[in-house]
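*Asks:* Just passing along the structure, written as structure tokens.
What follows draws every value from the coordinates through simple rules; no lab data is involved. Here the structure is a predicted model, which means the values were calculated and not measured. All Cβ positions, even for glycine, are placed from backbone atoms using ideal geometry, and neighbour counts span all protein chains on display.
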Amino acid sequence: MPPMKYFIIGSFIVILASLAGALIAMMRGDSQSGDPQRSRRMARALTIRIGISVLLFIAVLVSYQMGWIQPTGIQTR
């Protein structure tokens, strides 16, 4: 498997892990307490997810432009 596929798979795993971390931070504790530590953990996890998603999008665009990946979807006429 080419290295770009490993990068994409790894990125998706990190994105899912950060979403799970945000979910855990959101579900822990009393929702009425307004715990700033919980909000900080959730915001950090979501920030990581957004950063990795943007990085993945840019990497796919650059890889396509450099010829490292090729589209293999439905053929257009």
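*Asks:* Determine the sum of side-chain charges near Ser11: Lys and Arg each +1, Asp and Glu each -1, restricted to other residues whose C-beta is under 14 angstrom from that of Ser11.
*Replies:* The answer is +2.
*Asks:* Taking only Cα atoms, what is the 0 to 90° angle, nearest 10, from helix 3-27's long axis to the longest principal axis of the chain?
*Replies:* 20 degrees
*Asks:* R0 = 25 Å: FRET efficiency of Lys5 with Arg44, Cβ-based, nearest 0.05?
*Replies:* The value I calculate is 0.30.
*Asks:* How do Thr72, Thr47 line up, fewest other C-beta atoms within 10 Å first?
*Replies:* Thr72, Thr47
*Asks:* Tell me the angle of helix 36-66 to the major Cα principal axis of the chain, expressed in degrees between 0 and 90 and rounded to the nearest ten.
*Replies:* 0 degrees
*Asks:* Running a GNM on the chain with Cα contacts under 10 Å, which residue among Ile50, Ile15, Ile58 ends up with the highest mean-square fluctuation?
*Replies:* Ile58
*Asks:* Which of Leu55, Leu19, Leu46 ends up with the largest GNM mean-square fluctuation for the chain, with Cα atoms connected below 10 Å?
*Replies:* So, out of Leu55, Leu19, Leu46, the one fluctuating most is Leu55.
*Asks:* Given springs between every Cα pair under 10 Å in a Gaussian network model of the chain, which of Ser63, Ser11, Ser53 has the largest fluctuation?
*Replies:* Of Ser63, Ser11, Ser53, the most mobile in the Gaussian network model is Ser63.
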